[in-house]
Amino acid sequence: MKSVQINKYGASDVTNINDNVPIPKVSAGKVLVEVNAVGVNPVDWKIREGFFQQMVPLKFPATLGTDFSGIIKELGEGSADLNIGDEVYGQGSPLSGGSGTFAEFVLTNINGIAHKPKTLNHVEASGLPLVGVSAWQALVENIGLSKNQKILIHGGAGGIGSIAIQLAKHLGGYVATTVKPDDKEFVQQLGADDIVDYTTQSFDDTLEDYDAALDTVGGETYRKSFKVLKNNGTIVSMLEQPDSNLMKQYDVKAIFQFTETTTERLTKLAQWIDQNNIKVNVEKTFPLDETAKALDYQRDVNPRGKIVVTV
Ligand SMILES: NC(=O)c1ccc[n+]([C@@H]2O[C@H](COP(=O)([O-])OP(=O)(O)OC[C@H]3O[C@@H](n4cnc5c(N)ncnc54)[C@H](OP(=O)(O)O)[C@@H]3O)[C@@H](O)[C@H]2O)c1
């Protein structure tokens, strides 16, 4: 089968298209999926460039790719709710026991996939697993956002931000978000109530008394967010470990979230998507042969919503 592989960590020049990679063999707890589309995430270029090599070293040659949507071809033991031919979405990252999704087939853990949302096609569904589960885990599980609560969502036009705005509105929240000027109309359409242009305004000068913040940017953006929160407010960061000084100073609960893409979360996410006509914005698609370009685009351009590689 065709796969996008690396033999060492590095930039686009280490990314190879290999035509003769053996199709992985199914074993207990695993499922073989014929991949239709692969949503690109920042983690994909970070894995390629070796950001996680201390934590989980890759065995080379390694196939890249985390998210996918596709069709089940073979089932290992322990897959009671799944059948050959089912349309599924989820994650098959080489960092968590998958064989890598930028390929014609991926071997995934059964507990990292679910039936895909029926209202999304494979291209849209492939853009959802990591960002959708990140938004769900943050807003529903870590923050417990409820009706009329105010939340600040940073990077509202990005992968996580664009789903998180729609989820926060569904939960009845009031949403402020930070974006660059070009993205204002996009986040307004997603439902944002208060839009701050981070290139000309400092959000901490105008926003106050927020119940929660979701940080997808890190650094100064993370640190300034504490000032916007009420006492007892919560900040969830996708990038920063809790800062105990700021937590004490502002009496705020801070959480670093490590997103775990599980069957249970993917199933709840798919139900919410289908019942509420939720959209995944796919800005651009690339063919599998141009995966290296897609990873660079994700790293350098920051798409509005998602970019997807079609297989
Ligand atoms: N901890 C975990 O388990 C986990 C899971 C998933 C993702 N992550 C991380 O979370 C981050 C976000 O992921 P994502 O998929 O949403 O990435 P993304 O699609 O690149 O979105 C990030 C957004 O932030 C915007 N941005 C950049 N600088 C900003 C600023 N100063 N203020 C406001 N917005 C700004 C970017 O757009 P512009 O620059 O064009 O404005 C972009 O739209 C990534 O670093 C990713 O690696 C962590």
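None of the figures in this text is laboratory data; all of them are computed from the coordinates on show. Computed from a predicted structure; not experimentally measured. Positions of Cβ are backbone-derived with ideal geometry, glycine not excepted, and every protein chain shown enters the neighbour counts.
A few notes on this one:
- Only beta bridges with both residues in the chain are counted; by DSSP, about 55 percent of them are antiparallel.
- Percent breakdown of C-alpha pair distances by 5 Å bin, ordered from the shortest bin, for segment 45-178: 2, 10, 17, 17, 16, 15, 12, 7, 3, 0, 0
- Farthest towards the positive end of the charge dipole of the chain, among the residues Tyr297, Tyr9, Asn109, is the Cα of Asn109, using unit charges on the Cβ of Lys, Arg, Asp and Glu.
- Debye log10 I(q)/I(0) for segment 130-256, one point scatterer per Cα, at q = 0.12, 0.19 Å⁻¹: -0.36, -0.97
- Under 13 Å from Lys169, Cα to Cα: aspartates and glutamates that are on another chain or at least 8 residues apart: Asp193, Asp194
- Dipole in debye (nearest 20) - the chain, about Cα centre, beta carbon charges: Lys, Arg +1; Asp, Glu -1: 320 debye
- Reachable aspartates and glutamates, given that their alpha-carbon falls under 19 Å from the alpha-carbon of Lys248 and they are not under 8 places away in the same chain: Asp204, Glu208, Asp209, Asp211, Asp215, Glu220, Glu240
- Segment Asn245-Gln271, extension gain: residue separation times 0.36 nm, minus the distance between their alpha carbons: 5.4 nm
- Student exercise, segment 179-269 dipole from Lys, Arg, Asp, Glu Cβ charges, in Debye to nearest 20: 320 debye
- Asp300/Glu260 FRET efficiency (R0 35 Å; Cβ-Cβ; nearest 0.05): 0.80
- The lysine pair tally for segment 1-132, using Cα distances under 14 Å and a gap of 8 or more places or different chains, is 4.
- Computed on the Cα atoms alone, the convex hull of segment 67-127 gives a volume of 79 cubic angstrom per residue.
- Expected 222 nm ellipticity per residue - DSSP helices of 4 or more, -39500 (n - 2.57), all of the chain, to 500: -7500 deg cm²/dmol
- Order by protection proxy (mean Cβ within 10 Å, highest first), peptides 284-293, 165-174: 165-174, 284-293
- Anisotropy class of segment 148-209 from Cα gyration tensor, a/c 1.5 cut: oblate
- Distance cut-off 30 Å, percentage of C-alpha pairs in the chain lying past it: 32 percent
- Taking amide hydrogens as placed 1.01 Å from N in the peptide plane, the amide H of Gly65 sits under 5 Å from those of Thr101, Phe102, each at least 5 positions away in sequence or on another chain.
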